[in-house]
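See below for the structure under consideration.
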Amino acid sequence: QVQLIESGGGLVQAGDSLRLSCAASGRTFSWATMGWFRQAPGKEREFVAAITWTGASTYYADSVKGRFTISRDNAKNTMYLQMNSLKPEDTAVYYCAAGYGATTNRNDYVYWGQGTQATVSS
């Protein structure tokens, strides 16, 4: 059974940092692009960041570029999202996802986690 499990969410103040983790089990995702998406209340799920299987290419939404950093450790089957200089508008449920050949389009991702809540107070 394939599982993606997110962790690291929480409640922080504006300007603080959080580090999200996504642990994969059930199969190796070393050959897959992995990504982060988020969904705020009343809004559609949106792309945040993605990283190819080698880590050679990364993609970011304009809203997080320069503040968030995506990385992965294939030996540990784990992906990370370092979020710095957080803003109240970053408040959302953050989901990790995996898909072969995927980039920024959520429809290209096949496997999804259950999400972790990140709340940024002003």
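The values are calculated or read from the model by the stated rules, or taken from the named source; none is laboratory data. Because the structure is a prediction, the values reported are computed rather than measured. The accessibility values were calculated without ligands, DNA or RNA, using every heavy atom of the protein model including side chains. Shrake-Rupley method; radii C 1.70, N 1.55, O 1.52, S 1.80 Å.
Computed quantities for the displayed model
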{"quantity": "Kirkwood Rh in Å, taken over all unlike Cα pairs in the range 1-82", "calculated": "13.6"}
{"quantity": "Exposure ranking of Glu44, Glu6 by accessible area [1.4 Å probe, largest first]", "calculated": "Glu44, Glu6"}
{"quantity": "Whole-percent carbon and sulfur share, accessible surface of the chain, 1.4 Å", "calculated": "46"}
{"quantity": "Inter-part distance where the range 47-100 and the range 1-15 are each reduced to a Cα centre, Å", "calculated": "12"}
{"quantity": "Computed accessible area, Glu46, all protein chains, 1.4 angstrom probe, square angstrom", "calculated": "80"}
{"quantity": "Vicinal HN-Hα couplings computed from phi for the range 41-50 (Karplus, 6.51 cos²θ - 1.76 cosθ + 1.60; Hz; Gly/Pro x)", "calculated": "x, x, 10, 6, 5, 10, 5, 10, 7, 8"}
{"quantity": "In Hz, Karplus ³J(HN,Hα) per residue of the range 74-85 (6.51, -1.76, 1.60; θ = phi - 60°; x = Gly, Pro)", "calculated": "5, 5, 9, 6, 9, 10, 10, 9, 8, 10, 10, 6"}
{"quantity": "Within straight-line cross-link reach of Lys87, lysines at Cα separation under 28 Å, skipping those fewer than 8 residues along the same chain", "calculated": "Lys43, Lys65"}
{"quantity": "Vicinal HN-Hα couplings computed from phi for the range 88-94 (Karplus, 6.51 cos²θ - 1.76 cosθ + 1.60; Hz; Gly/Pro x)", "calculated": "x, 6, 7, 4, 4, 8, 9"}
{"quantity": "Globularity ratio of the range 38-121, using Cα Rg and 2.2 N^0.38 Å", "calculated": "1.06"}
{"quantity": "The chain - accessible surface per residue (Å², probe 1.4 Å)", "calculated": "51"}
